[in-house]
Structures are given as C-alpha cells and as structure tokens.
C-alpha cells in the first residue's frame, strides 16, 4: 500500500490481528513530499498544505545541519505519505471492513477499506460463488449481521439505530406464546412465525413483526 498518510497508517495498525511492514522515517530522508490531503474538507486543504510546507522547511534545515533523520522527523506532519505492507486473514479483513467501511470512519481509511475489498473481489483465484459470499461479509458493520441496524451513537441514516430493537429473555417470550391464542405474526426480517399479534419485535432476531393476515 503506497501513498496513504501516516495518520491513516496509524489507524490501520490498530487492527492487531494482521502483519505490517512500514517504511521507516529513521532511514528515509525526504527531499520533497506530496502531502496526502485525501478526504479533507475544501477549507482544510490550504491550511494543511501551508503547515506542511513550514514543517518541510524546518526538516530540511535540520538535515542540512547534520541532524539525524530519526530526530529531524519529529517535525513531519501526519499528512506525510508512507508505504506499508499489510497481511490479513479473512476474519481480520472482515472486521477491518466492518469497522472502516462505516460512513463514520475517516474518509481516507474508508477508501483504503473499499480498495482492499475491490482487490480481493478482483482476484482470479476466487470463484464467483466465493465472491458472492465475500460481498455479503466485507461490508460496513450495520449490514454485516442478521439485523440491519446501526450500532453507532449517530449513524448516517441508512439503517435504524440498534437501540430501537428491543431484546427480551427467551423464556419471557415463550411464556407469552403459551398464554396467548391471538392471531399469529411473521417477522419481517427472518420469517419467524407463530408469534402473537401483540408482539412488536421478533424474539429471534429483534426485527419488527408483521401481522399474518
């Protein structure tokens, strides 16, 4: 992976079930840099570029005075590009996509997650059937489980907040079934039947129940 910012790589390496090998700023001396501004708001680009230019002047001044690169790098900003090799198994990649493809993730690492998924989906050694399965699991966390719901405090609005789904002990639902003889309802998500019409949520998956007319 080449050209992502150090800020992005810092987020990336927090996914610990993976192997990383990253370009070291101790042994690389920069002459000029193409600062990474992917995902920044329009009003943020110019201030970031100006700050980065000032940092580069200070960096080059220290290098020319004989300061070691490992010490001069202290002034380099998070927008400095880097190269990093990443190795993940499928389970780790699933978790990475679940977390980083979310609309609340920072734009740059969200683009990285989407790019990683696209690379996997375009691999020649993966069958079409396997790609169809991968396409259902390499998704944002709101779309990853049996219930399509957003676990974030403030979501994007694609799905209902998870807190709107009511979870109750299985024994309580079973007791309710045995005592009621009302018309049955069907779960709109998983198809669970034989509930009672007074039940608003499915005991199996938590989705809304619909009356079986």
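The values are calculated or read from the model by the stated rules, or taken from the named source; none is laboratory data. Just so you know, these numbers come straight off a predicted model, no measurement behind them. Note: ideal-geometry Cβ built from the backbone for every residue, glycine included; neighbour counts use all protein chains shown.
Listed conditions (1) surrounded by 12 or more Cβ atoms within 10 Å (Cβ to Cβ); (2) within 17 Å of the chain's Cα centre (by Cα) are all met by residue 119, apart from (1). Across region 27-52, the number of residues qualifying as closer than 21 Å to residue 2 by Cα and surrounded by 11 or more Cβ atoms within 10 Å (Cβ to Cβ) comes to 14.
Applying the criterion of at least 1 residues that are in the same structural domain as residue 119 (by TED's automatic domain parsing) and within 28 Å of residue 119 (Cβ to Cβ) to the helices (runs of 4 or more DSSP H) found wholly in region 1-93 leaves 6-12, 42-64.
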